[in-house]
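Written out below as structure tokens is the structure these notes cover.
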Amino acid sequence: VQLAESGGGLVQAGGSLRLSCAASGSPFSINTIGWYRQAPGKQREFVARIYSGGSYTTYADSVKGRFTISRDDAKNTVYLQMSSLKPEDTAVYYCNADIVVHTTTGGYQNEYWGQGTQVTVSS
């Protein structure tokens, strides 16, 4: 199973971006899926997560009210709508998912990471 992020780029403060993360590969089911970010010189930090069925979401305090996470299970894709962006949101954004891979011997859950997409917010 692979995760591929897209949608990053350069935006002015106050602007918006939408990130996408699509999962592909072996037969699988996505349990939870979300986003982390890592700014230069800092540790990777949690941003948002959405649970199976999309009924429950959780956000870091720093992005509450500005970012919205959603998922389209038919497309095996999660989105992060980012609004009112600030320079401190500048980071590489990574998709992270707990995925059950279905095999002939059963289902096996593993954690997967995408390669990351750069988001740069200019002041």
Output for region 25-50, where each listed residue is open to solvent by less than 60 Å² (accessible area, probe 1.4 Å) and under 19 Å from His102 (Cβ atoms): Gly25, Ser26, Phe28, Ser29, Ile30, Asn31, Thr32, Ile33
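When you check Glu111 against the structure, is it in a helix (DSSP H, G or I) and at pLDDT 95 or above, yes or no?
no
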Taking Gly53 and the conditions (1) open to solvent by less than 70 Å² (accessible area, probe 1.4 Å); (2) closer than 22 Å to Ala4 by Cβ; (3) free of Cβ contacts under 8 Å to residues at least 12 places away in the same chain, which numbered condition does it fall short on, given that it satisfies the others? (2)
Selected residue (criterion: most open to solvent (accessible area, probe 1.4 Å)) from residues of region 78-108 that are at pLDDT below 95 and part of a loop (DSSP other than H, G, I, E, B): Thr104
If you check Ser62 against the conditions, is it open to solvent by 50 Å² or more (accessible area, probe 1.4 Å), touching a residue at least 60 places away in the same chain (Cβ under 8 Å) and over 19 Å from Ser6 (Cα atoms)? no
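The values are calculated or read from the model by the stated rules, or taken from the named source; none is laboratory data. Computed from a predicted model, the values in this text were never measured in an experiment. When we count neighbours, we look across all protein chains shown, and the Cβ atoms used for this are built from the backbone with ideal geometry, even at glycine. Ligands, DNA and RNA are stripped out before the accessible areas are found, and what is left, the full protein with its side chains, is counted by its heavy atoms. Shrake-Rupley method; radii C 1.70, N 1.55, O 1.52, S 1.80 Å.
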